[in-house]
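Structure first, then comments.
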Amino acid sequence: MPELGQYAIPVLFAYSISLLLIAAITLVSYIQYKSVMRKLQKIEED
Amino acid sequence: MSFWKFSNPNNFMTLSEKILPIISVSTILTLTTGLYWGFFLTPEDYQQGNSVKIIFLHVPSALIAINTWFVMLVSSIIWLIRRHHVSALIAKAAAPIGITMTIIAIITGMIWGQQMWGTYWAWDPRLTSFFLLLMFYIGYQTLWSAVEKPDSAAELTSILCVVGTVFAVLSRYAVNFWSQGLHQGASLSLDKEEHIHNAFSNPLYICMAGFILLFLTLVILRTRTEILKRKIFILLDHKGR
């Protein structure tokens, strides 16, 4: 871990919130894709 | 081979299925390398101290925030002129990515601004145009959700996208148009004049490449989802449900 001094809290906060948002959009996109795939398979089977 | 071949949803699905795993792995590798280098291996800046590390998130997210709108613009124009459904769906798929990247750019900019300028926010040209860009993104996304008929939604959102382009252009060039305001000029430029030291620019280029790859991965995945949703809509319509 680098020594961030007086900027530790703002830098870590900036990284945390950004990585969280990137993870969220990636996860939501993947879950939506899988859910739509399952729905389509079910409709095609009927 | 014609570019328009990929406007056929089946061709798009076949090609994207092949490239998605490759581009996903490239995204993880590039983004991890860039952010690790930027966070752990860069020195302290003589003026900004360690707050300079925020640049590795702020600049790439701002780059994607602005250019996502241009991708949406091109896709919308293709839809308006040539009526290719895939292009309308690419624009729809890209909007949430643009919203996320604009929010990241604004938040990281605010955090950095508080440390360097002593304020989280100022109504300076670039900050204001970025705020308006976010409003246009939200409006665009809301319009897609509000209109039930897919083709009508594509039509209206395409027109909104063309109108909103003025704010995307302002976001990109605001610092060049007006010399006043807190926001400094571009950190990197394509001309020979160097703005930042190599110790910072090299990891920054990798982070930018990582964010571009992340955008491509997400837009391909989300376009695939939209194509499948459209397929479900048509199947259910044929079955009379």
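The values are calculated or read from the model by the stated rules, or taken from the named source; none is laboratory data. Everything numeric in this text was worked out from a predicted model, so none of it was measured. All Cβ positions, even for glycine, are placed from backbone atoms using ideal geometry, and neighbour counts span all protein chains on display.
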- Task: Filter segment A:24-38 for residues that are among the polar types (S, T, N, Q) and more than 7 Å from chain B (Cβ to nearest Cβ) and give the result.
- Result: A:SER35
- Query: A:SER16 is checked against (1) within 16 Å of the chain's Cα centre (by Cα); (2) of a type in the set (Gly, Ala, Ser); (3) surrounded by 11 or more Cβ atoms within 10 Å (Cβ to Cβ) and fails just one. What number does that condition carry?
  - Reply: (3)
- Item | Enumeration of residues in segment A:4-40 that are of a type in the set (S, T, N, Q) and either at pLDDT 95 or above or not in a helix (DSSP H, G or I) (or both) | A:SER16, A:SER18, A:THR26, A:SER29, A:GLN32, A:SER35
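Can you tell me which residue is farthest from the other protein chains (Cβ to nearest Cβ) among those in segment B:1-46 that are assigned to a helix (DSSP H, G or I) and of a type in the set (Gly, Ala, Ser)?
B:SER7
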- Hey, can you tell me all the residues within segment B:79-132 that are surrounded by 18 or more Cβ atoms within 10 Å (Cβ to Cβ), within 13 Å of chain A (Cβ to nearest Cβ) and aromatic (Phe, Trp, Tyr)? B:TRP112
